[in-house]
Amino acid sequence: MRRTSTAPINELPAARQLDGPFEGFFDAGTPWNEEYRGLLDHHPARRWLDEIAWAAREELYTFQQALEGKSGPHVEVRGQSFSMLSSYDYLGLIGHPGIEAAAIAAVRQFGTGTGGVRLLTGTNRLHRRLEERLAAFKRTEAAITFTSGYAANLAVFAALLGPRDRAIVDERIHRSIIDALRMAGVKAWTFRHNDPESLEEVLRAKSKRRGSRILIAVEGVYSMDGDICPLPEIVRLKEKYGAFLLVDEAHALGVLGPTGRGLDEQFDVPAGAVDLWTGSLSKTIPANGGYLAASRQLILYLQHGAAPFMFSAALCPAAAGAALASLDVIEREPERLRRLWDNVAYLQTSLRALGYDLGTSASPVIPVIAGSDEAASRLARHLFDHGFIASAVVFPAVAPGSARLRLCATAAQDRAMLEEAAAAFADYAR
């Protein structure tokens, strides 16, 4: 599936055809922007449509490329072969025969859906087994699953905090937690990214309010920057000021620590030092869904007090079966974790040697910071033309002027592919 041409990479024709969802919509003469009316008479809608129109005209819209098969280190779009540089499949488990067999067996035994929400008629034995395995993997008393990691974070704030409570969150916390705070009406303050001194300043100022509780929220691996939360210092401050702590491990589960158990294992911190562990079942674990791991009492309450558990569909059997089998594979095949970190080291070293700004990344999430939205879009298109899919991340997902490509190293990428990727970056740098 890799490029087989012997021509130097900078002599290859830039003839890759984008698979865009807007064909003809933004053509000259079409009335798409005559005026914004109704629900589109709204600044974010106007801005996004103008941005998409520009990218489509410039042939820089590389998002939503429709894959013709499984994701993995090599994919196909419109019959063209590409190497994938932005997949969350950190341990290369998509397509694992044991995981696929478990998903198929789950469908055969439990069907394609559950017929109800978890609290009523939607719970099956796979859900119970998965939650037991997640709790054991995270070394907590219990766990609860949701249909996404986003929903898991939404569940926490509305169910556990009230108007008198406060949240203190890292300034680069994931959007799901920002939305959860807004929906729950919880007052929140931010502290400087990964800065315990800044956190203590906010805690010192806000912990004096009587009758209120404080929940600190951080990420294990930050999804846009790839750097790692300084957990020991955060735990020390949480205990000093009597606060509670939530850690979102969407990009850390299966990645950090000697056996992939996450941030607590990475720093040899007891899992119980963190009150709430949330995460995803759609990244290192190649399924869908999210989870929350905590004390048994807290999980028992959330089964009856968390709206996404009570009013949203239960995790489908195929996803539950795949997630359950994935935990077994992670424990049974530790060589995947070693290969992943070998690839992280190679990709980061190669790109930094070429002069690219990777920020403070210390994980498989590797941002290549380009600056403007246009610069990131043009770099993504250059890579696309040379046979690589790499996601551009632009405002508002990141701050203005910090647009980037978000690369992801995986255990499934081989050295030859990464060498070719480095050559494509070198060609662009020239």
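Nothing in this text is a laboratory measurement; each read-out follows from the coordinates by a stated rule. Source: prediction; values computed, not measured. With ideal geometry, Cβ positions are generated from the backbone for all residues, glycine too; neighbour counts draw on all protein chains shown.
Annotations for the structure displayed:
- Helix 296-305 and the longest principal axis of the C-alpha atoms of the chain enclose an angle of approximately 70°.
- Bridge orientation summary for the chain: considering DSSP beta bridges with both residues in this region, about 55 percent are antiparallel.
- Estimated [θ] at 222 nm from DSSP helical runs (n ≥ 4, -39500 (n - 2.57)) normalised by residues in the chain, nearest 500: -12000 deg cm²/dmol
- Between Pro334, Pro196, Pro31, the GNM of the chain built on Cα springs shorter than 10 angstrom shows Pro31 fluctuating the most.
- Cleavage-rule hits (trypsin sites (Lys or Arg not before Pro)) in the stretch 34-94: DSSP loop, at most 14 neighbouring Cβ within 10 angstrom: Arg37, Lys70, Arg78
- Cα-projected label distance for Ala66 with Tyr36, points at 7 Å along beta-carbon direction, nm: 2.8
- Here the stretch 92-214 is treated with +1 on each Lys and Arg Cβ and -1 on each Asp and Glu Cβ, and its dipole about the Cα centre works out to around 480 debye.
- Distance from the stretch 217-272 to the stretch 373-430 (C-alpha centre basis), Å: 28
- Spin-label model, Trp189/Arg46: points 7 Å from Cα along the beta carbon direction are separated by 3.7 nm.
- Distance between the modelled labels on Glu171 and Val107, one decimal in nanometres: 4.7 nm (7 Å Cα→Cβ projection).
- Packing rank of 132-144, 171-183, where each peptide gets the mean count of other beta carbons within 10 Å, highest leading: 132-144, 171-183
- Protection proxy ranking for 100-110, 205-215, using the average of other Cβ atoms within 10 Å per residue and placing the highest first: 100-110, 205-215.
- Positive-end ranking of Gln413, Ala135, Ala45 along the dipole of the chain, with charges on Cβ about the Cα centre, is headed by Ala135.
- Dipole axis of the stretch 293-339 (+1 Lys, Arg; -1 Asp, Glu on Cβ), positive-most option in Ala322, Phe311, Pro334: Pro334
- Of Asp41, Asp275, Asp195, the residue with the greatest mean-square motion in the GNM of the chain, using alpha carbon springs below 10 Å, is Asp41.
- The length gained on full extension between Ala313 and Ala397, counted as 0.36 nm times the residue separation minus their Cα-Cα distance, comes to 27.5 nm.
- Positive end of the dipole of the chain (Cβ unit charges, origin at the Cα centre): among Phe146, Gln297, Asn33, the Cα lying farthest that way belongs to Gln297.
- Out-of-range pairs (alpha-carbon distance over 18 Å; input Lys206/Lys238; Lys187/Lys240; Lys138/Lys187; Lys70/Lys138): Lys187/Lys240; Lys138/Lys187; Lys70/Lys138
- Dipole magnitude for the chain: computed about the Cα centre from +1 point charges on Lys and Arg Cβ and -1 point charges on Asp and Glu Cβ, it is near 1500 debye.
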